[in-house]
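**Student:** Input: one structure, supplied below.
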Protein chains: 2
Amino acid sequence: MDLDAVLDHIDANLDASLERLFALLRIPSISTDPAFAGDCRRAADWLVADLATMGIAAESRPTTGHPVVFGKADGPAGKPRVLLYGHYDVQPVDPLSLWQEDPFAPRVVTREDGSKMIVGRGSCDDKGQMMSMIEALRAIKAVTGSLPVPVTVMLEGEEESGSPSLPGFFEATKDELKADAVFVCDTGMWDKSTPAIAMSLRGLVAHDIIVRAADRDLHSGQFGGPARNPNHVLAKILADLHDEDGRVTIPGFYEGVGEPSEAQKANWASLKMTAEDYLGPIGLAEPAGEKGRTVLEQVWSRPTCEVNGMSGGYTGAGFKTVIPSEASAKVSFRLVGDQDPAKLRAALKDFVRERVPGDCTVEFIDHGMGPAFRVPDDWRMLQVGAEALEAEWGKAPAMVGMGGSIPVVHDFKHTLGMDTLMIGFALEDDRVHSPNEKYELSSFHKGMRSWARVFAAL
Amino acid sequence: MDLDAVLDHIDANLDASLERLFALLRIPSISTDPAFAGDCRRAADWLVADLATMGIAAESRPTTGHPVVFGKADGPAGKPRVLLYGHYDVQPVDPLSLWQEDPFAPRVVTREDGSKMIVGRGSCDDKGQMMSMIEALRAIKAVTGSLPVPVTVMLEGEEESGSPSLPGFFEATKDELKADAVFVCDTGMWDKSTPAIAMSLRGLVAHDIIVRAADRDLHSGQFGGPARNPNHVLAKILADLHDEDGRVTIPGFYEGVGEPSEAQKANWASLKMTAEDYLGPIGLAEPAGEKGRTVLEQVWSRPTCEVNGMSGGYTGAGFKTVIPSEASAKVSFRLVGDQDPAKLRAALKDFVRERVPGDCTVEFIDHGMGPAFRVPDDWRMLQVGAEALEAEWGKAPAMVGMGGSIPVVHDFKHTLGMDTLMIGFALEDDRVHSPNEKYELSSFHKGMRSWARVFAAL
């Protein structure tokens, strides 16, 4: 393959690549909110049509939730089949008032120093990153006339809501999914100039907890004192989840959590990341997690328990002296090592039930669940990826852990025996999941080039 | 005065009285939500016009918030001037989905046993109760041609949001407010057949507490662990507010809280109210307040701290793995005895600030504030009220405490030396402040008759 011609093609056609990305970014495919189900379908259909233009016959496959864009294309004999995984769904945009512009009106913003960023929900997570893989294949196809390897695409629409339909899709599709490697572009750079390969992901378990007391909202004058206030019950439960040292207090929580190896620790120490470096950019100064752990240890090798949402009683303008009939919280765990999601889910429920008074009730809503993942140190794709990144960025990539979760990566491994190469070009200040999400134009551009180099090396 | 003719007039004109009440109930005068400011003005204007028809020249006086309906009318020489206080504002109606009908489409519903209730927001608190006083005067005027006593009316529009404009109104109006007694109809019956006179009210202090951490919402994968979660900080603060015995832990909280006298205790014991009686009707069984206190002691003589609202992070459908940048709570105290609202407000702020990490901030929004109130045992109006109630209901009234707050009653006493006769006809199941608020038609009807008897006795 004439790699230089491919890279030149990418450079020369950057605007067209951006136009395609913007068309996808304009679709508000928020998976967690049922109001946007039609937009999720629309995003899937858009991808099917786009893949068709480069000779990948994909289809929008229905699931119990949002569709999966799935398709296969042949490639040169003797080459490994690569499965590209990405997700076309995005996070909700609230609070909308904090966005400087419409989250679904993507645009390129040029900074005073001349650098450019793509702004909009999904610009980074994951539409921008996902399209960098697809655009690399498109360039190779345009220049060489064919795809570099046999390709399978699987682009899902529920990653941001815990992928509830994915187990069913896996079960129904597993014979078709078989590939030699999975490529995912949903992770980050180490810093603006240093690429990274992600070696591990934390798992995730998420739940709603709803505590109910009286059968109606009460006047706090008439009933304040004798009547149980579910806000108090819930606040106590949430406060009990951590001890003074930042450790999670749920019995058995740390079962299956190994310590990082000395080599890993040394590698992480060499990255010289301080708490100030990590927290300063988001306006914080004091590490809040487990005492006696560095921030990289906390994010890459330690499990957490976070209250992602809580709500009860009157929360509007002014004041209402109410004792509400119910209060609710959204609580998630990030898992590492061999922590068992199902066991932890049960342990949380026991922990909560023990703290709910006899005349109150508690309801749980189970959201997504997936264990942690770690790629083998000696996998050959790691070497391919590292060399491609070094060629593009002029610097060896950092081999990092990741604090986030991509449950599907674990499923690929444990259901189908497939390992995943995770290379991504997000930066720490990309505000993924927050208002004013952005993606560096250079990440998109050099991301396409990096993937082209990976494919060329195969 | 021909009392029987007045009572007959009330009976014969019940439908017309109801029509007037319904016209007022149809106005959604929610004081705490700025979106309804125009409706508050409309309710005030309606009252001004209505009072004019019975010869009371009132006006809608502007304040820094919602207007006060204020006016004076002469009456027979030598009679005590009575100030009628009420409030035309109502509580918010959320959650709207729990209302069986439009909260502002009042109607009379007949039960299977033939008893009737008026349903709608404000039907009881306080439009229905307030109008029972006004309708009694209207009947006396219609039958006798004149008002029974010199009358001052002061109907405010901010009672449900802590009366923030009231101190300014008092200061500006105090010379005009002077009267021999204040009558308020905003309290309850002891039970369906036993009227009551309220001897005390709890005070109220209310605040918003807003804890802020990072300068943006964060991804709980990327930052879960090292980044401070304001939901955790706030839940811990809220959980710390009470100890295992249900006592409030804020230093100095119980200063100025006296014990009820032996006579009071004996009187309350004679009412034979059990925890089951009090909590059963709202679906609860276990008393939740301070250990070792009866429910009547808790509600009538003990201060409380309630979390009326809490909110932080994602609270919509589905799940969002966010660490929010802020979390907030609405916390109020009910006060008794000589507890000092300003001192307690400061103590709460100290208590919260001590628990907020160094790199987080806390903001407080102060809402209404007023100390507790107790009427002197030997006030002559108590005797007048008790005799009138016994004549109407065939039963001596219970002399009760009240758990709720009417800050203005304290202001009348301490700014102007005026005591307040609190007689009301609410029932425990009236769902004030809750969806499907109602007021017994008999409360409205016999309430008008009771007030007519009180006025006649003057």
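Read-outs: derived from the displayed coordinates by stated rules, not from any lab. These figures come from a predicted structure and were not determined experimentally. We place every Cβ from the backbone using ideal geometry, glycine too, and count neighbours over all the protein chains shown.
**Student:** Consider a paramagnetic label point 7 Å from the Cα of residue B:180 along Cα→Cβ; state which residues of the range B:368-409 have an amide N under 16 Å from it.
**Tutor:** In the range B:368-409, the label zone of residue B:180 (backbone N under 16 Å from the point 7 Å along Cα→Cβ) covers B:379-385.
**Student:** Here is a follow-up. In a shell of Cβ-Cβ distance under 13 Å around residue A:374, excluding residue A:374 itself, what net charge do Lys and Arg (+1) and Asp and Glu (-1) give?
**Tutor:** Residues close to residue A:374 contribute a combined charge of -2.
**Student:** Where the only charges are on Cβ atoms (+1 Lys, Arg; -1 Asp, Glu), what is the dipole of the range A:17-84 about its Cα centre, to the nearest 20 debye?
**Tutor:** I would put it at about 200 debye.
**Student:** If you take the square roots of the eigenvalues of the alpha-carbon gyration tensor of the range A:156-227 and sort them as a ≥ b ≥ c, do you get rounded (a/c under 1.5), prolate (a/b over b/c) or oblate?
**Tutor:** Oblate, because a/c is 1.5 or more while a/b does not exceed b/c.
**Student:** Quickly rank A:164-177, A:136-149 as a protection proxy: mean count of other C-beta atoms within 10 Å, highest first.
**Tutor:** A:136-149, A:164-177
**Student:** At R0 = 30 Å, how high is the FRET efficiency between residue B:64 and residue B:349 if r is their beta carbon distance? Nearest 0.05 is fine.
**Tutor:** It comes to 0.80.
**Student:** For residue A:442, go 7 angstrom from Cα along the Cα-to-Cβ vector, then report the distances to that same point in the other copies in nm, smallest first.
**Tutor:** 8.1
**Student:** Oh, and also: Identify, among A:420, A:441, A:409, the residue whose Cα sits farthest towards the positive end of the charge dipole of the range A:314-458, taking +1 on the Cβ of Lys and Arg and -1 on the Cβ of Asp and Glu, with the dipole about the Cα centre.
**Tutor:** Farthest towards the positive end: A:441.
**Student:** Using +1 at the C-beta of Lys and Arg and -1 at the C-beta of Asp and Glu, which of B:44, B:54, B:73 has the Cα lying farthest in the positive direction of the dipole of the range B:15-95?
**Tutor:** Value computed over the given set: B:73.
**Student:** Measuring from a point 7 Å out along Cα→Cβ, what nm distances, shortest first, does residue A:52 have to its partners in the other copies?
**Tutor:** Values, ascending and in nm: 7.2.
**Student:** Here is a further query. Among B:325-338, A:120-133, A:333-346, what's the highest-first ranking by average C-beta atoms within 10 angstrom per residue?
**Tutor:** Those peptides, ordered most packed to least, come out A:120-133, B:325-338, A:333-346.
**Student:** So if R0 is 41 Å, what FRET efficiency would residue A:361 and residue A:11 give, r being the distance between their Cβ atoms, rounded to the nearest 0.05?
**Tutor:** E between residue A:361 and residue A:11, to the nearest 0.05, is 0.10.
**Student:** Given a Förster radius of 60 Å and the C-beta distance between residue B:105 and residue A:415 as r, what FRET efficiency does 1/(1 + (r/R0)^6) yield to the nearest 0.05?
**Tutor:** Here the calculated transfer efficiency is 0.60.
**Student:** For the range A:220-277, run through the GluC sites (Glu not before Pro) and keep only the ones in DSSP coil with at most 15 other Cβ atoms within 10 Å of their Cβ.
**Tutor:** Within the range A:220-277, the qualifying GluC sites (Glu not before Pro) (loop, at most 15 other Cβ atoms within 10 Å) are A:244, A:255.
**Student:** If you count, for every residue in B:322-330, the Cβ atoms of partner chains within 10 Å of its Cβ, what is the mean?
**Tutor:** Partner-chain Cβ atoms within 10 Å, mean over residues of B:322-330: 6.
**Student:** Taking a ≥ b ≥ c as the square roots of the eigenvalues of the Cα gyration tensor of the range A:1-129, is the shape rounded (a/c under 1.5), prolate (a/b larger than b/c) or oblate?
**Tutor:** Judged from the Cα gyration tensor, the range A:1-129 comes out oblate (a/c at least 1.5, b/c at or above a/b).
**Student:** In whole Å, what is the distance between the alpha-carbon centres of the range A:1-55 and the range B:373-442?
**Tutor:** 69
**Student:** Among bridges DSSP assigns within the protein assembly as shown, what percent are antiparallel (round to 5)?
**Tutor:** 75
**Student:** Closest beta-carbon to the A-to-B rotation axis: which chain A residue owns it, and what is the separation in whole Å?
**Tutor:** So the closest residue, with its distance, comes out as A:239, 2.
**Student:** Let me ask something additional. Contour minus end-to-end for residue B:191 and residue B:79, with contour as 0.36 nm per residue of separation and end-to-end as the Cα-Cα distance?
**Tutor:** 37.1 nm
**Student:** When you look at the Cβ of every residue in B:211-217, what mean number of other chain Cβ atoms sits within 10 Å?
**Tutor:** Other-chain Cβ atoms within 10 Å of each residue's Cβ, averaged: 5.
**Student:** Pairs A:395/A:438; B:192/B:330; A:178/A:395; A:343/B:320; A:127/A:265; A:291/A:438: which are spaced more than 31 Å apart, C-alpha to C-alpha?
**Tutor:** B:192/B:330; A:178/A:395; A:127/A:265; A:291/A:438
**Student:** If each DSSP helix of 4+ residues adds -39,500 (n - 2.57) and the sum is divided by the residues in chain B, what number results at 222 nm, nearest 500 deg cm²/dmol?
**Tutor:** About -10500 deg cm²/dmol.
**Student:** Also: Using only Cα atoms, find the angle between the long axis of helix A:407-416 and the longest principal axis of chain A, and express it within 0 to 90 degrees, rounded to the nearest 10.
**Tutor:** Here the helix axis deviates by roughly 70 degrees.
**Student:** I'd like the mean, over residues of B:20-32, of how many other protein chain beta carbons sit within 10 Å of each residue's own Cβ.
**Tutor:** Going residue by residue through B:20-32 and averaging, the value is 1.
**Student:** Same structure again: Lys/Arg Cβ at +1, Asp/Glu Cβ at -1, dipole of the range A:203-347 taken about the Cα centre: which of A:219, A:282, A:318 is farthest positive-ward?
**Tutor:** A:219
**Student:** With +1 on each Lys and Arg Cβ and -1 on each Asp and Glu Cβ, how big is the dipole of the protein assembly as shown about its Cα centre, in debye rounded to the nearest 20?
**Tutor:** So the magnitude is around 220 debye.
**Student:** Separate question: To the nearest 10 degrees, how steeply does helix B:3-12 sit against the main Cα axis of chain B, on a 0 to 90 scale?
**Tutor:** 60
**Student:** Report, to the nearest 10°, how far helix A:166-177 tilts away from the longest principal axis of the Cα atoms in chain A, using its own Cα long axis and a range of 0 to 90°.
**Tutor:** Approximately 20 degrees, to the nearest 10.
**Student:** Put the label 7 Å from Cα along Cα→Cβ for residue A:263; what are its distances to the other copies, in nanometres, shortest first?
**Tutor:** Spelled out, the distances from residue A:263's label point are 8.7 nm.
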